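Novice: Can you read through this structure? Questions will come right after.
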Amino acid sequence: MVINIKKKYFFVGSQNGVDEPKDFLTNGNWRLGWFDDEDNKAYETALKHLKNMRPGDFIFLKSTFTQKNNLPFQNVNNRSASVMRILAAGIIKSVEADGHTVLVDWFKDYSDERKDWYFYTERNALWEPDLKTGRFAVELIEFALDLKEQDYSQALNTPDWSHFVLPEGSPFVSILQKNVPLKLSYEDLKSENLIAYEFRGKRYEPTGNLIKFTLNRLHLVGQFLCE
């Protein structure tokens, strides 16, 4: 299955003060909260996203929380990570006129497993990631559709989340590995001898056996050649 950028993908809260996650799956729907409180600004914001929903768009039931212990990656500074547990995936059938109800064909039920996505998360009741500009948005949707597992190194190699693997106060650097451009795994980091790199179409021959590039340079460089 390939992500269709013409479709919209919505991540929605699993509780609204009335319904429980199992209710949505049993009833084949999802309901936005704030019943009898439609003047609430939070509801008005969520309603704008609700009005963007169309039949055929994808919807994912989620629960968000933080976690410090038993993380699937290093946590050298004992920090809390944001987590978004995906409980179900479905396709929108229709949006009712009541401003709350969405009819859904739930085709995947993850409620009996811990399908947890880390770092790039959202606590709002209704979230529509931007596939063009959202950081890791495509990877999140692939994960939610059970197409791919999360690659933690993508987030851990950014300043926002490098504190999980680098001691506090350490400068952020990424060390190159052979044939792995722009996507590194901290658990496999080794000191490689960089023999050349291409930058904006030009080839450069650096000096020194241990070459470290900052995040900004990693975003710009097209290809690395390592021994």
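The values are calculated or read from the model by the stated rules, or taken from the named source; none is laboratory data. Keep in mind it's a predicted model, so treat the numbers as computed, not measured. All Cβ positions, even for glycine, are placed from backbone atoms using ideal geometry, and neighbour counts span all protein chains on display.
Novice: In the range 16-44, how many residues are on the phi < 0 side of the Ramachandran plot and without any contact (Cβ under 8 Å) to a residue 40 or more places away in the chain?
Specialist: 12
Novice: Taking the stated definitions as given, is Asp109 under 14 Å from Phe58 (Cβ atoms), in contact (Cβ under 8 Å) with a residue 60 or more places away in the chain and of a type in the set (Asp, Glu)?
Specialist: Judged against the criteria, Asp109 is not a match.
Here is a yes/no grid of residues against (1) more than 25 Å from Ser80 (Cα to Cα); (2) part of a loop (DSSP other than H, G, I, E, B); (3) in the same structural domain as Leu50 (by TED's automatic domain parsing):
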{"residue": "Ile91", "(1), (2), (3)": "yes, no, yes"}
{"residue": "Ala97", "(1), (2), (3)": "yes, yes, yes"}
{"residue": "Ser111", "(1), (2), (3)": "no, yes, yes"}
{"residue": "Tyr120", "(1), (2), (3)": "no, yes, yes"}
{"residue": "Leu131", "(1), (2), (3)": "yes, yes, yes"}
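Novice: So how many residues does the range 24-33 have that are at pLDDT 95 or above and out of contact with any strand residue (DSSP E or B) (no Cβ under 7 Å at 6 or more places or on another chain)?
Specialist: 2
Novice: Right, here's the next one. Being at pLDDT below 95 and not hydrophobic (A, V, I, L, M, F, W, C) narrows it down to one residue among Lys62, Lys48; which is it?
Specialist: None of the other options fit; the residue is Lys48.
Novice: For the range 137-160, what are the residues that are at pLDDT below 90 and either buried (at least 20 other Cβ atoms within 10 Å of the Cβ) or in contact with an Asp or Glu (Cβ under 6 Å, 6 or more places away or on another chain) (or both)?
Specialist: Ala155, Leu156, Asn157
Novice: On to the next question. Select, from Leu131, Leu166, the only residue that is under 16 Å from Ile5 (Cα atoms) and surrounded by 12 or more Cβ atoms within 10 Å (Cβ to Cβ).
Specialist: Leu131
Novice: Among Val83, Val102, which is the only one that is in contact (Cβ under 8 Å) with a residue 60 or more places away in the chain and either among the aromatic types (Phe, Trp, Tyr) or outside any loop (DSSP other than H, G, I, E, B) (or both)? If you could, list the steps in order and put the result at the bottom.
Specialist: Numbers: Val83 fails: in contact (Cβ under 8 Å) with a residue 60 or more places away in the chain.
Of Val83, Val102, the one residue that is in contact (Cβ under 8 Å) with a residue 60 or more places away in the chain and either among the aromatic types (Phe, Trp, Tyr) or outside any loop (DSSP other than H, G, I, E, B) (or both) is Val102.
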